[in-house]
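**Q** Sharing a structure, written as structure tokens. Questions coming.
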Amino acid sequence: MKKVIFLIVIYMFISIFPIFINIDAATTEYNTFSEIMMPEGKLLSNFTNEELKEMYKHVERTTGWGVNVYKENSNVDASYISNTLYSVENKGATEVKYKIEVEVETSNKVSFNASGSLNGSASGTTKGGVKGEIGAKCGVEVSNTTTKSRIEKQKLEIIVEPNSRAIIYLTGSLSVTNGVAAYYVAFIQVCKGGFEIVTLKNQYARVEKALI
Amino acid sequence: MKKLLIVIYVLAVSFGALIFIGYRRTSEEFYYYLPQAKSYVYKEDRKMNFEIYSNSDDSIIRYVENNEFRIKSNDETYILTNVSVDMVKQENIYLYIIEADVLNLPYELFEFIDAQLEISNSKFILKFKIDFLSILNPNTIELISINDLFGSYSYVNGSLELVGLNIKFGDNYRKLDRISVGNYTVSNLTFVLDYMLGNEINILDSIPNYNIINNENNGSLIISDSSFFIPLNYPKLLNITEGYILFEIDEKLYYFDTFSFIVNDLLYSDYKDKMKLVEIKYDNN
């Protein structure tokens, strides 16, 4: 009997252990964007504690093993403005030709973000991990490994008039799926929290000038 | 007994041949490319790039030192220099990005039409068509001052294509007679809107008469303080992601430097219907 209990404990330990490692595995690049505009719903960072509590009620029902997911926003199309890629100012009295070099990352990326105790558990395991399971339940493939992306360097020359600033940035479209999730191991809730999956769809470059 | 041995021998040979054919079939590499109109402004240390999609995750073309990259146009051959090849996994296919120095040509404006990019190594020669490539080496053509610029894309026959430019001109210009991305697209200035559209639009919502295929430049535009949406037409629809812009303003030519309008890796699955098979010639001795 002792042996059986010992084996069960070992098995549970092995099952739980992988979800406590690789805490930094979740990628949240979209958090660096200067603005994300959602026509409906809101981002995880804008949910109040009361709203989260209300949503948690949907995931309190225990599942024997795995993730219980409640989606508040499912594949909501949104647009974004990235941070400035390049900025140059001409404070002089005559126009200046600037040679500039812009680095743009060209890849279709899926970012995963989590809050609460889920944040430390959304890691990769060989079976896909909590992150992968949440993604699967939301119909989005969330990779456990960092997707290789290409950095494209573009050089261009641009005229900047006196007392003007030229900036280059990216805009584009993305889709947002967020909500709350709870992870259960042998009917025991191991962690819960909010999650957000953001899929970058398109990135467009824009050059703009403004008076200083 | 002898007959039985012969039968077994024939069966074994046939089985081996079947396995060999099956193996060759499954290990056969294929390469695709998306017909594109590419354009670059030449400057020292500038790069141009070509994309090839393949089912092979370890194609020999990755190993630059084992390959020669050249463009063939009519009877001329241009060897590409400082080549690098990067690979990005895309769903179930691999995108190879071949980057090389922009060709330094003794012309202010040079266009390759229906040229060929050839990649040769000990295994094969890949030949794929460069539908349109133009290189501007500005000498008399001046750099333009633009206050705002971005492209608008719309779905045309199921894929996202550059259908227009949103522009706010600088103060020094009066009348626009022609605008072209890479000297490939043509401009229909009779359909210009005096406001900007978004990055992703349905062009027919804004310009119901819009037809992407058109050969001729039409109309002119009196430049004001306004921002404009200028629709683009194509003699033949080729995908455009980046390029320089050529302007004819006040009877003078200007250019805007090579600019990325969209900075995604183009997904094979999104443009599948438009992909063309690259010709492979094996046994390259």
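**Q** Here are some conditions: (1) over 17 Å from the mean Cα position of the chain (by Cα); (2) open to solvent by 20 Å² or more (accessible area, probe 1.4 Å); (3) at pLDDT below 90. A:Cys191 meets all but one. Which one does it not meet?
**A** (2)
**Q** May I ask you to list the residues in region B:29-50 that are closer than 16 Å to A:Lys153 by Cα and open to solvent by 30 Å² or more (accessible area, probe 1.4 Å)?
**A** Within region B:29-50, B:Tyr42, B:Lys43, B:Glu44, B:Asp45, B:Lys47 qualify.
**Q** Something else now. Of all residues in region A:183-204 being touching an Asp or Glu at 6+ places or on another chain (Cβ under 9 Å) and within 14 Å of chain B (Cβ to nearest Cβ), which is farthest from B:Tyr244 (Cα to Cα)?
**A** A:Leu200
**Q** Is one or more of the residues making up region B:156-166 closer than 16 Å to B:Pro35 by Cα and of a type in the set (Ser, Thr, Tyr)?
**A** The answer is yes; a qualifying residue exists.
**Q** I've got another one for you. For region B:10-51, enumerate the residues that are modelled with pLDDT of 70 or more and more than 14 Å from chain A (Cβ to nearest Cβ). Outline the logic, then answer.
**A** Here is the first cut: in region B:10-51, the residues modelled with pLDDT of 70 or more are B:28-51.
Result: B:Glu28, B:Glu29, B:Phe30, B:Tyr31, B:Tyr32, B:Tyr33, B:Leu34, B:Pro35, B:Gln36, B:Ala37.
**Q** Which condition number in (1) at pLDDT below 85; (2) away from chain B (no Cβ under 14 Å) is the one that A:Val180 fails?
**A** Among (1) at pLDDT below 85; (2) away from chain B (no Cβ under 14 Å), the lone unmet condition for A:Val180 is (1).
**Q** Might you check whether a residue that is among the aliphatic types (A, V, I, L, M) and under 21 Å from the mean Cα position of the chain (by Cα) occurs anywhere in region B:190-202? Give the steps one after another, and end with the answer.
**A** So the first thing to find is which residues in region B:190-202 are among the aliphatic types (A, V, I, L, M), and the list is B:192-193, B:196-197, B:201.
Filter once more, keeping what is under 21 Å from the mean Cα position of the chain (by Cα): none.
Scanning region B:190-202, I find no residue that is among the aliphatic types (A, V, I, L, M) and under 21 Å from the mean Cα position of the chain (by Cα), so the answer is no.
**Q** Counting only residues that are within 14 Å of chain A (Cβ to nearest Cβ) and hydrophobic (A, V, I, L, M, F, W, C), which one in region B:230-248 is surrounded by the most Cβ atoms within 10 Å (Cβ to Cβ)?
**A** The selected residue is B:Ile245.
**Q** Exactly one of these conditions fails for B:Ser54: (1) at pLDDT 95 or above; (2) under 26 Å from B:Tyr184 (Cβ atoms); (3) surrounded by 11 or more Cβ atoms within 10 Å (Cβ to Cβ). Give me its number.
**A** The one condition B:Ser54 does not meet is (2).
**Q** Going through B:Tyr282, B:Tyr271, B:Tyr254 one at a time, which residue ends up being out of contact with any His (no Cβ under 6 Å at 6 or more places or on another chain) and either closer than 28 Å to B:Leu189 by Cβ or free of Cβ contacts under 8 Å to residues at least 60 places away in the same chain (or both)? Walk me through how you get there before you give the answer.
**A** On the way: B:Tyr282 fails: either closer than 28 Å to B:Leu189 by Cβ or free of Cβ contacts under 8 Å to residues at least 60 places away in the same chain (or both); B:Tyr271 fails: either closer than 28 Å to B:Leu189 by Cβ or free of Cβ contacts under 8 Å to residues at least 60 places away in the same chain (or both).
Just a single option satisfies the conditions, and that option is B:Tyr254.
**Q** Is one or more of the residues making up region B:65-82 within 14 Å of another protein chain (Cβ to nearest Cβ), open to solvent by 40 Å² or more (accessible area, probe 1.4 Å) and either in contact with a helix residue (DSSP H, G or I) (Cβ under 9 Å, 6 or more places away or on another chain) or at pLDDT 95 or above (or both)? First the steps, then the outcome.
**A** Initially, region B:65-82 is screened for residues within 14 Å of another protein chain (Cβ to nearest Cβ), giving B:82.
With the extra rule that they be open to solvent by 40 Å² or more (accessible area, probe 1.4 Å), the set shrinks to B:82.
With the extra rule that they be either in contact with a helix residue (DSSP H, G or I) (Cβ under 9 Å, 6 or more places away or on another chain) or at pLDDT 95 or above (or both), the set shrinks to B:82.
Yes, region B:65-82 has at least one match.
**Q** Determine whether region A:128-147 contains at least one residue that is within 10 Å of chain B (Cβ to nearest Cβ) and either crowded, with 22+ Cβ neighbours inside 10 Å or at pLDDT below 75 (or both).
**A** The answer is yes; a qualifying residue exists.
**Q** Name the residue, out of B:Asn209, B:Asn147, that is touching a Lys or Arg at 6+ places or on another chain (Cβ under 9 Å) and of a type outside the set (A, V, I, L, M, F, W, C). Reasoning before the result, please.
**A** Values: B:Asn209 fails: touching a Lys or Arg at 6+ places or on another chain (Cβ under 9 Å).
Of the residues listed, the single one that is touching a Lys or Arg at 6+ places or on another chain (Cβ under 9 Å) and of a type outside the set (A, V, I, L, M, F, W, C) is B:Asn147.
**Q** Can you tell me which residue is farthest from A:Asn202 (Cα to Cα) among those in region B:144-186 that are within 12 Å of chain A (Cβ to nearest Cβ) and in contact with an Asp or Glu (Cβ under 6 Å, 6 or more places away or on another chain)?
**A** So the residue we want is B:Lys168.
**Q** Looking at (1) in contact with a strand residue (DSSP E or B) (Cβ under 9 Å, 6 or more places away or on another chain); (2) open to solvent by 20 Å² or more (accessible area, probe 1.4 Å); (3) modelled with pLDDT under 95, which one does B:Val263 not meet, given that it meets all the others?
**A** Failed condition: (2).
**Q** Residue check: is B:Val163 touching a Pro at 6+ places or on another chain (Cβ under 9 Å) and closer than 25 Å to B:Asp270 by Cβ?
**A** Numbers: touching a Pro at 6+ places or on another chain (Cβ under 9 Å): yes; closer than 25 Å to B:Asp270 by Cβ: yes.
In short, yes.
The values are calculated or read from the model by the stated rules, or taken from the named source; none is laboratory data. Being a predicted model, the structure only gives us computed values, none of them experimental. Counting neighbours? That spans all protein chains shown, and the Cβs are built from the backbone with ideal geometry, glycine included. The accessibility values were calculated without ligands, DNA or RNA, using every heavy atom of the protein model including side chains. Shrake-Rupley method; radii C 1.70, N 1.55, O 1.52, S 1.80 Å.
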